[in-house]
Amino acid sequence: MKTINIGLLGCGTVGTGVAKLLIENRQLIQSRVGVPLHLKYVADIDLEKARGLDFQDTILTSDANQVINDPQVDIIIEMIGGETIAKDLILKAIESGRPVITANKALLAKHGHVIFETAHRKGVDLAFEASVGGCMPIIKTIRESLVGNHIKSMIGILNGTCNYILSKITDEGISFQTVLKEAQVEGYAEADPSLDVDGLDTAHKLAILSSLAYGTQINFDDIYIEGISQITPMDIEFAGEFGYRVKLLAIGKDRGNAIEARVHPTMIPFDNLLSNVNGTVNAVTVSGDAVQDILLYGRGAGMMPTASAVISDLADIARNLISGATKRLPLLSFQPDSMRQIPVMSIDDIATHYYFRFFALDRPGVLSKISGSLGNHNISIKSVHQKGRKSNGSVPVVMVTHRAKESDVKQALREIETLDVVSANPLLIRIEDEWQQD
Ligand code: NDP
Ligand code: HSE
């Protein structure tokens, strides 16, 4: 029986989880895969750091190239992160004919074209289940289980850190900064946490899912991205009064000759399943023409859930190596010659329901001025709350609209900003509550 040798590059949060499963669940994994998976190398800058693992005969090195240069290594696992060293190491491994596993969504979203093209040309496997949704098998689901479906939409919570922050603010009233620190200590946040809170990490994941679902490598810069830092506890409270929770959503929709790809804080009704997905848990609903709707739910970040997805990729690749299968699955779900360019719809062209929060002077006629501007731009109001929570002489006025077009909304808000009764720039949060009718 052949042993499959693994080279692990990067032994931080996720890398340590991968090593732990390979060492502690060695027998279980072997009994499922059919051959021993031997952790031959671990490369990391800091080899002295306590990881609570007995590496036994694993070679520890600070030189990642040593791992790739050893021809006895059968599979490379990249767990370093970032878009520079990781990219060079992945390309080098692929060029040398070695299959690669990565969780590096930033790299795949922004440099995927060269990485996938190289892997295809060399005929090697490149697996990336852990790059989206932590332990949720969303990539396998789209690439394999839904192969017979046109995918109409994918709507999900794809960033554990943001969901943890929003849940803690909503349910426990804990401050943004305190919760973010907790997420960093627990290893959920990216090395640069602005990737999480500014929505970029969610957009990286949406870019990957859109490629798989729609057979197009979308230009990352075409995705509309808004993070969660503008959301205040007051908006979360108002959302609750209107019957909504605020979540950072990734939204991908098939619009015929274009796709929607957008990431922004979104209000969703209490009775929507996603509104009850809390903490670091991720969830995504995928609608296909045959399946209708499916929901995946599971821990989207953290050491062991993410490591679980990496080991699932490892088992797939090991089985391919054992059986001599190459190019069995197209890396991006579609055969390379069936990939096509599909434009991403401008955010200005979407239509949805909106929540607006204004700070306005507490005097007669204010509401009619604001609603007049909205009316001038075809925006019809569904409900209004004005609360006596004075701040600097102004009171918050919040509104929920019927369906409106984003370009009209922007024009109306620009007009409202200039009104003398409005004292601060308005905040807009989009609402998704007509998923089935879309
Ligand atoms: P960490 O920062 O915890 O781990 C990265 C490790 O790689 C660190 O120990 C780092 O050392 C080491 N490293 C840096 N440069 C090199 C190098 N040249 N050679 C060898 N080792 C190096 O990151 P995570 O484990 O959190 O994330 C890894 C990847 O997984 C990222 O792409 C991330 O986006 C992704 N991911 C993370 C998840 C999570 O929950 N954390 C979930 C899903 C995906 P040092 O610290 O000294 O720089
Ligand atoms: N920082 C990411 C998150 C890790 O919080 O979801 C998982 O991709």
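The values are calculated or read from the model by the stated rules, or taken from the named source; none is laboratory data. In this text the structure is predicted, and so the values were computed from the model without any measurement. Neighbour counts run over all protein chains shown; Cβ positions are idealised from the backbone, glycine included. Just the protein is used for accessible areas: all its heavy atoms, side chains included, with ligands, DNA and RNA removed. Shrake-Rupley method; radii C 1.70, N 1.55, O 1.52, S 1.80 Å.
Of all residues in segment 181-190, count the ones that are in contact with a Pro (Cβ under 9 Å, 6 or more places away or on another chain) and open to solvent by 40 Å² or more (accessible area, probe 1.4 Å). Break it down stepwise before answering.
We begin by selecting, within segment 181-190, every residue in contact with a Pro (Cβ under 9 Å, 6 or more places away or on another chain); these are 183-184.
From what's left, open to solvent by 40 Å² or more (accessible area, probe 1.4 Å): 184.
Residues flagged as in contact with a Pro (Cβ under 9 Å, 6 or more places away or on another chain) and open to solvent by 40 Å² or more (accessible area, probe 1.4 Å) within segment 181-190 amount to 1.
If you check 105, 122 for being within 16 Å of ligand 1 (Cβ to nearest atom) and open to solvent by 10 Å² or more (accessible area, probe 1.4 Å), only one passes: 105. Here is the figure for segment 193-238: residues that are of a type in the set (S, T, N, Q) and open to solvent by 30 Å² or more (accessible area, probe 1.4 Å) total 6. Close Cβ contacts (under 8 Å, 6 or more residues apart or on different chains) running from residues in segment 299-319 that are basic (Lys, Arg) to residues that are part of a strand (DSSP E or B) comprise 299/281; 299/282. Within segment 137-180, if we keep just the residues that are in a loop (DSSP other than H, G, I, E, B) and surrounded by 24 or more Cβ atoms within 10 Å (Cβ to Cβ), the residue that is nearest to ligand 2 (Cβ to nearest atom) turns out to be 159.
Residue 373 falls short on exactly one of the conditions (1) at pLDDT 95 or above; (2) farther than 26 Å from residue 222 by Cβ; (3) surrounded by 15 or more Cβ atoms within 10 Å (Cβ to Cβ); (4) in contact with a strand residue (DSSP E or B) (Cβ under 6 Å, 6 or more places away or on another chain), and that condition is (4). Among the residues of this structure, residue 67 does not count as one that is over 22 Å from residue 187 (Cα atoms), open to solvent by 20 Å² or more (accessible area, probe 1.4 Å) and aliphatic (A, V, I, L, M). Please pick out the residue among 432, 417 that is free of Cβ contacts under 8 Å to residues at least 24 places away in the same chain and of a type outside the set (S, T, N, Q). Sole residue among the options that is free of Cβ contacts under 8 Å to residues at least 24 places away in the same chain and of a type outside the set (S, T, N, Q): 417. Please indicate, with yes or no, whether at least one residue in segment 76-93 is over 17 Å from residue 15 (Cα atoms), part of a helix (DSSP H, G or I) and open to solvent by less than 70 Å² (accessible area, probe 1.4 Å). So far as segment 76-93 goes, yes, one or more of its residues are over 17 Å from residue 15 (Cα atoms), part of a helix (DSSP H, G or I) and open to solvent by less than 70 Å² (accessible area, probe 1.4 Å). All of (1) of a type outside the set (A, V, I, L, M); (2) over 25 Å from residue 130 (Cα atoms); (3) in contact (Cβ under 8 Å) with a residue 24 or more places away in the chain hold for residue 337 with one exception: (3).
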